[in-house]
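Peer 1: The structure that follows is given in the form of structure tokens.
Read-outs: derived from the displayed coordinates by stated rules, not from any lab. Quantities reported herein were computed from a predicted structural model and do not represent experimental measurements. Because the Cβ atoms are built from the backbone with ideal geometry, glycine has one as well, and the counts that use them run over all protein chains shown.
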Amino acid sequence: MKTTTINAELAEPAGDSGGNDSPRSLRRLRSTFCQPLVGLAVAVAAIASPTVAAAQQTAGVTAPPGSSPSAAPAANQAPPIDLTGYWVSIVTEEWRWRMQTPPKGDYSSVPLNKDGQKITAAWDQAKDEQRGEACKPFGVGNIMRMPGRLHITWQDDKTLKLEFDAGTQTRLLHVGGAKPPRLDPTWQGYSAAVWESAAPAPTDRQNQPTAGGQYRLPDNGGGGSLRVVTTNMRDGYLRKNGVPYSSAAVVTEYFDRVEEPNGDVMLLVRTVVEDPKYLTEPFITSTFFKREPDGSKWNPTACKVEPPAVPPLPLP
């Protein structure tokens, strides 16, 4: 299958759901990153009106090739971490849902309610394409999970631009400022972002002390995270096979950058999808990317999903 050639040397063998065969560094990263997600499900309710953390001044944040050098924030307004550059997905879990198109009716591990299950069972890929909705799996609820490459630049000093070669999609993360009063829903919605400086003491996302630093954020040199809350989106799919999220969903993400001892630079995006229409509880995922030196492997493709390779699953 074509998608498996995107980064074969970093992906797991087919059939492995993300266990013992992962690289040692990624197993360590997963053990650090996945534990805070338990607290995120509770903490998301408090995200709607956060206090903006003061950004720390950081030297060396520059605009990458392809963007204007003046687009990056001034030195005295520099973000706590640098997310710019080219990144490639590392599929260390959920191979059968990310690298392949799952069977029709497969919503394993997604907390769908009865209405969501009906939508999943009725999925018709051909009809989506006929209606001009082939990009439903490439919307904000799933685009970070699509195998491929990500290019992050500063569009201006308050807007991060995320370009994806999968589906040729673009997201704009608006750092600070007010949301416009009227916006038409789009595949990627409207994303409001705030920088969160690294906490001086080991606490969880609810600012509660942790036992032995169990819920500590990764050590990224005293930097911080970018928190992004996205609304105003079109109906889309959480997976390629029609597992739905609605336009009423709220997608909350935390972007963290980690530098490995061997020099590799990793990007972790922790995502929480809340949807009162189709989900019974928040749907939480963690997605890894590795930084690449340049865009020589950039390969934009249209919104196209391969048909499922196996027969549909029976209805529950």
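Peer 1: 5 Å is the cut-off here: which amide hydrogens, built 1.01 Å from N in the peptide plane, fall below it relative to residue 189, excluding neighbours closer than 5 in sequence?
Peer 2: 234
Peer 1: Through the Karplus equation 6.51 cos²θ - 1.76 cosθ + 1.60, θ set to phi - 60°, convert the phi angles of segment 239-251 into ³J(HN,Hα) values in whole Hz; use x for Gly and Pro.
Peer 2: These are the phi-based 3J(HN,Hα) values: 9, 5, 9, x, 6, x, 10, 9, 5, 8, 5, 10, 10 Hz.
Peer 1: Output wanted: per-residue J couplings in Hz (rounded whole) for segment 184-191, from phi through Karplus 6.51 cos²θ - 1.76 cosθ + 1.60, θ = phi - 60°, x for Gly and Pro.
Peer 2: With the stated coefficients, segment 184-191 comes to 7, x, 9, 4, 9, x, 10, 10 Hz.
Peer 1: Sort 81, 119, 152 so the one with the fewest other Cβ atoms within 10 Å of its own Cβ comes first.
Peer 2: Starting with the residue having the fewest Cβ neighbours, the order is 119, 152, 81.
Peer 1: Once you order the gyration tensor axes a ≥ b ≥ c over the Cα atoms, which shape class does segment 235-313 get: rounded for a/c under 1.5, otherwise prolate or oblate by comparing a/b with b/c?
Peer 2: Cα axes put segment 235-313 in the oblate bin.
Peer 1: Something else now. Once R0 is set to 35 Å, what does the formula 1/(1 + (r/R0)^6) return for the Cβ-Cβ distance between residue 247 and residue 156, expressed as a FRET efficiency to the nearest 0.05?
Peer 2: Computed FRET efficiency for residue 247 and residue 156: 0.80.
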